[in-house]
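Colleague: Quick one: structure below, then a few questions.
A short reminder: the numbers here are calculations on the coordinates, not readings from a lab. Note that the structure is a prediction, hence the values are computed from the model and not measured. When we count neighbours, we look across all protein chains shown, and the Cβ atoms used for this are built from the backbone with ideal geometry, even at glycine.
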């Protein structure tokens, strides 16, 4: 990994060109001169810009040959950078900060790891106040091998033996951001991956610190407005005595805390009409944060009264919501309610991805919707944002490791998870709902998958802490960690972790993963009680897919000139036909259309073998024999010597065009010509003419 500092983007507060192999990115960091007026939260934006030229290709649609809106891959990469660097800013800052990652070249190495390290270095060497640098590394693992691969290439990660794909970021010996995809890996393997990652992160961190010491700019002093002493006194007198009652309630959630928040803001506005209400709002958040931490760490108390390792009430149901859908699952965990719906399609329904990094056909996709009514609010309906894309992708990754192979189950699978009510980790609720929907739809998954969100309340550097199982709204908002863990009874399939502190020790993460495993088993018990295994058959509402194999040399025969033949079969039968280069033919249809199309394709491509018997129609008579139609696509020759067991002088004396005669295949030569015999089927069919 190399870093180059030049004047290419010299108007930015900080910039760096970073290279790893043939992959090159530019990272820039800019902070506004003034605060955003009326801002109540820290305004950080991370943009990840893909450039098609980076892949050396002209991509895009047929009519628009330039980059459009960010791809899902770009959005996910931007989120990874954001989640890593955000905790290291002073959250009281109200100056706008924008990080722009531009991919200039892409080789065998994924730019996402470069993007995190480059964003860190651009910030650390700039004049922007930030508590970095931070290191990032990707850890891979093949099968059951003991060794880990450092920053594996695309080729390594796409290998079928690849069983662990981890992005880990951290500083000062702690982890602060994690993304993991794993093929049912045990918790101990993941923890070893964290340790290996920290070894590499330390090297990257030290490398960055040397650069910062050499060329780093002096940090700007940003004056952050504080709430006045008079306002603090008002809070202590009017709000503090009853704050705990509003935070720690059986129905703990935003509504309870919002009530005391509104009361505070009204008091503040009346007492200090000229003061900044945004500062008062942040002060309230700090005090609630203190209350939640104190309750957990010093009193073993959670917002809703649960034990630290207690999962909220669970509910799982598979029931079709209409006579149309192919599978549906409803999952409740406390106040989080998710409906997941499965739709099955044929191979032609795959999603074609054509981006800078990925060019493939995708046969499984999970989409996540989070309408405003799910949190009791009004708002814009429709479309999607970065959070929805991120949550949908996390659930998709968690489930992808247990899906059946295409050869076993050739269907395209789409799941839509509708969050109907949300109070904590709807993404993990989507994992559970999606698993139920797949099993309800008869998809032969390898194992059910469930997910749970773990939280952390921590004082100082981790000397005092409490791990929370199944965090809900206030614990997510005010807690120090959101660790989402999904997996089967055998092991982990996906992890995503965000923190609001500088980092979390690996020892604490190991504890959290074990608690998550126990919670996951509890959830799986409830799910499997409702449906213990996938239904033996797919939904009758789903299309039928039949698979046949043909000689690759006959693919052109089935397709026909300009696709005329295959399109004709589709029009005639109503079925969809997909042919792959190896001769695999996938025929998708309903109401018997697949049977009709299969009969036609098999007839066209039938490999005739010596000994095959059937009745055919005579279509042509010659001096040396007769041609018999075996199918609409194949004729065979009955030589004059194969008509009868006696000498035939004139073919027309025994066979005429239009006659139906029994024949048997004698042989098929290397040019595909078929020799037939009538006498071998019935020697007495004809009488000798004297």
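Colleague: Give me the Kirkwood hydrodynamic radius of region 613-677 in Å, from all C-alpha pairs, to one decimal place?
Modeller: 11.7 Å
Colleague: While we're looking at this one, here's another question. Place a point 7 Å from the Cα of residue 406 along the Cα-to-Cβ direction; which residues of region 587-631 have their backbone N under 19 Å from it?
Modeller: 587-589
Colleague: Compute the label zone of residue 203 within region 10-45: residues whose backbone N is under 15 Å from the point 7 Å along Cα-to-Cβ.
Modeller: Taking a point 7 Å out along Cα→Cβ of residue 203, the residues of region 10-45 whose backbone N falls under 15 Å are 20-21.
Colleague: Compute the semi-axes of the equivalent ellipsoid of region 2-215, taking the square root of 5 times each eigenvalue of the Cα gyration tensor, and list them largest first in whole Å.
Modeller: 28, 23, 17
Colleague: From largest to smallest, what semi-axes in whole angstrom does region 544-605 give when each is the square root of 5 times an eigenvalue of its alpha carbon gyration tensor?
Modeller: 17, 13, 9
Colleague: Evaluate the relative contact order of region 250-334 (contact order divided by residue number), counting alpha-carbon pairs under 8 angstrom at least 6 apart; express in whole percent.
Modeller: 20 percent
Colleague: What is the Å³ per residue value for the convex hull set by the Cα atoms of region 229-299?
Modeller: 84 Å³
Colleague: Bin width 20 Å, origin at 0, all Cα-Cα pairs of the chain: what percent of pairs per bin?
Modeller: Answer for the chain: a P(r) of 15, 40, 26, 12, 6, 1, 0 percent.
Colleague: Next question. With each run of n ≥ 4 DSSP H residues scored as -39500 (n - 2.57), what mean residue ellipticity at 222 nm is computed for the chain after dividing by its residue count and rounding to the nearest 500 deg cm²/dmol?
Modeller: Helix-only estimate at 222 nm: -10000 deg cm²/dmol.
Colleague: Mind giving me the FRET efficiency for residue 553 and residue 681? R0 is 30 Å, r the Cβ-Cβ distance, nearest 0.05 is fine.
Modeller: 0.50
Colleague: Which ordering of 481, 413, 1 is given by a fewest-first count of other beta-carbon atoms within 10 Å?
Modeller: Arranged by neighbour count, lowest to highest, 481, 413, 1 become 1, 413, 481.
Colleague: Follow-up. Taking other Cβ within 10 Å of each residue's Cβ, how do 161, 352 sort, fewest first?
Modeller: 352, 161
Colleague: According to a simple spin-label model (label point 7 Å from Cα along Cα-to-Cβ), what is the distance in nm between residue 189 and residue 127?
Modeller: 5.1 nm
Colleague: Against the longest principal axis of the chain, how steep is helix 254-271, in degrees 0 to 90 to the nearest 10, with axes from Cα atoms?
Modeller: Helix 254-271 sits roughly 40 degrees off the main axis of the chain.
Colleague: Same structure, new question: Given labels modelled 7 Å from the Cα in the Cβ direction, how far is it in nm from residue 319 to residue 10?
Modeller: Using points 7 Å along Cα→Cβ, the separation is 7.0 nm.
Colleague: Give the angle, between 0 and 90 degrees and rounded to the nearest 10, that separates the Cα long axis of helix 111-125 from the longest principal axis of the Cα atoms of the chain.
Modeller: That works out to roughly 20 degrees.
Colleague: Along Cα→Cβ, 7 Å out, is where each label goes; now give me the distance between the ones at residue 521 and residue 657 in nm to one decimal.
Modeller: 8.0 nm
Colleague: Further, regarding this structure: How high is the relative contact order of the chain, given as a whole-number percent (alpha carbon pairs under 8 Å, six or more residues apart)?
Modeller: Contact order relative to length: 10 percent.
Colleague: Now for a separate question. Quote the FRET efficiency, to the nearest 0.05, computed for residue 299 versus residue 528 with a Förster distance R0 of 51 Å and r equal to the Cβ-Cβ distance.
Modeller: After rounding, the FRET efficiency stands at 0.90.
Colleague: Please work out how much length the chain gains when fully extended from residue 668 to residue 610, using 0.36 nm per residue of separation minus the C-alpha to C-alpha distance, in nm with one decimal.
Modeller: Between residue 668 and residue 610, full extension yields 20.2 nm more.
Colleague: Moving on to the next point. How high is the FRET efficiency between residue 459 and residue 582 when r is their beta carbon distance and R₀ equals 60 Å, given to the nearest 0.05?
Modeller: The calculated FRET efficiency here is 0.50.
Colleague: Could you put 104, 344 in order, starting from the residue whose Cβ has the fewest other Cβ atoms within 10 Å?
Modeller: Arranged by neighbour count, lowest to highest, 104, 344 become 104, 344.
Colleague: On a full-extension model of 0.36 nm per residue, what is the gain between residue 689 and residue 541, subtracting their alpha-carbon distance, rounded to one decimal in nm?
Modeller: Once the chain is fully extended between residue 689 and residue 541, it gains 47.1 nm.
Colleague: Can you give the extra length, in nm with one decimal, that the chain gains between residue 150 and residue 41 once fully stretched, where that is 0.36 nm per residue apart less the Cα-Cα distance?
Modeller: Contour length minus Cα-Cα distance gives 35.6 nm.
Colleague: Something else now. Let me have the relative contact order for region 314-530, percent, based on Cα pairs under 8 Å that are six or more residues apart.
Modeller: Normalised by residue count, the contact order of region 314-530 is 22 percent.
Colleague: With axes computed from alpha carbons, what is the tilt in degrees of helix 386-400 against the longest principal axis of the chain, rounded to the nearest 10 within 0 to 90?
Modeller: Here the helix axis deviates by roughly 50 degrees.
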